[in-house]
Structure formats: structure tokens, C-alpha cells
Amino acid sequence: MERHLVIMARAPRLGTVKKRLARDIGALAAWRFHREATRSLLARLSGDERWTCWLAVTPDAWARDRRKAGLWRPPGPVRLIGQGGGDLGQRMGRVFASLPPGPLVMIGADIPGIERRHVADAFSALGRSDAVLGPADDGGYYLIGMTRRPAYRSPFKGVRWGGEQALSDTKANLERQGARVALLEELQDIDRGEDMRRWLGR
């Protein structure tokens, strides 16, 4: 079956992206980081023959307007879709439920350390497990993948987003469903000015 890689991203609109980061470094700098991080991610991950790359955008109008979506200039083939409404868990769940059959790996656009090997490792893990999570250093996660066999069941109900419990809540939901969960290496999330300074310091 086809492998699906989904990149979840907000439309690069000034004042609406990376709000916690913007409080530390300013709205314009946060907007530039978000836009360039998404572009860089697409440059690294799109066009790989091992998976089909999807860019799931919010708000949905950006997925329907090719001129706006062109701001990211993906070098390889990328399929654009809208995330739909609701909170993060509802939007993620909708994408997992709506794409064609096959293992699906979903990542965020604000983890600059993601490389092709992380995606490949996630798909490899799904050959042995039902789900895979990539922990972020703030208690959240930068990657979630599921086989979606024999059927998809959402693990996002009751997840405390934006805090230290997002990973543990999602993992517990998966395990309550009887899923075998694999973990990847931890990567750094960029949510605050301090995170940005640490990343640049590397």
C-alpha cells in the first residue's frame, strides 16, 4: 500500500503563526521562521519516491489557492489539502481518517531537525508496530504515525495540547486501544525565543 507523509502547517500569515515565539522575538521574525522552516522541510522531504508527500494547511482556503500555496515553493510533488475546522486533535484526526489506505506519518512544520531518515525510521517502525511517536523535548511530539489497520481509531481525545502531557496522553490513548507503540529519537521543538537561541547555538 502507498505510504503517506503529511506535513501539518499553518498558512504563513503575519501575526497568526508561532505566537509564543513571536512574544519573544517579534511577529515578523516568527513569521519568517515559520515560512522558511516549512519551505526547508518541503525541500528535504518532498520528491522522495518512498512516500507520497501531503501538505495539510489551515485555513483551508490556502489549500484551494495555488498562488498562495506557491509561497512555499515545494521542489517536489506535493498534494495540498485543507485540515478542516476544530482543535488540533480534530484536525489531525480528520487527515488520518480521510487519506487513502496505507501507513501514514504526520509531522509538524516547526521542528527544523527533521530529516528524511526520521521519516524512513517511522515507516520502518510501522512494519513492526501499530503506531510510532517522535518525542519533542518539551513533552509534545513532532511525529505520529499509524498503520490504520484494520481500521483507524483516533488517539487524540482528551489530549492536553501545548503542554508537557501531549506525548504521554496520546501514547496512553493508543495503548488503551491495544496498539503497539514505537518511539523515535527526541528532537527539539521551537516554540520560544530560548528554543530558537539553543537551536542556533548548535
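What follows is calculated from the coordinates using simple rules that are stated; it is not laboratory data. All figures in this text were calculated on a predicted structure; none of them were measured in a lab. Neighbour counts run over all protein chains shown; Cβ positions are idealised from the backbone, glycine included.
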Test item: Cα-centred dipole of the chain, Lys/Arg +1 and Asp/Glu -1 on Cβ, debye:
680
log10 I(q)/I(0), Debye, Cα-only segment 47-202, no solvent, q = 0.08, 0.11, 0.16 Å⁻¹?
-0.23, -0.45, -0.99
Can you give me the C-alpha center-to-center distance between segment 15-67 and segment 160-197, rounded to a whole angstrom?
20
Name the residue from Val159, Ile107, Thr170 whose Cα lies farthest towards the positive end of the charge dipole of the chain, charges +1 on Cβ of Lys and Arg and -1 on Cβ of Asp and Glu.
Ile107
Within segment 1-65, trypsin sites (Lys or Arg not before Pro) in DSSP loop having at most 11 other beta-carbon neighbours inside 10 Å:
Arg50
Cα pair count fraction exceeding 21 Å, expressed as % - segment 1-121:
37
Which whole-number percentage describes the relative contact order of the chain, with Cα contacts under 8 Å and a sequence gap of 6 or more?
22
Value at 222 nm in deg cm²/dmol, rounded to 500, when DSSP H runs of n ≥ 4 in the chain each add -39,500 (n - 2.57)
-10500 deg cm²/dmol
How many percent of DSSP beta bridges within segment 4-201 run antiparallel, rounded to 5?
30
Quick check on the exposure proxy: order Glu164, Glu186 from fewest to most C-beta atoms within 10 angstrom.
Glu164, Glu186
Listing Tyr142, Tyr152 by rising number of other beta-carbon atoms within 10 angstrom, fewest first, gives Tyr152, Tyr142
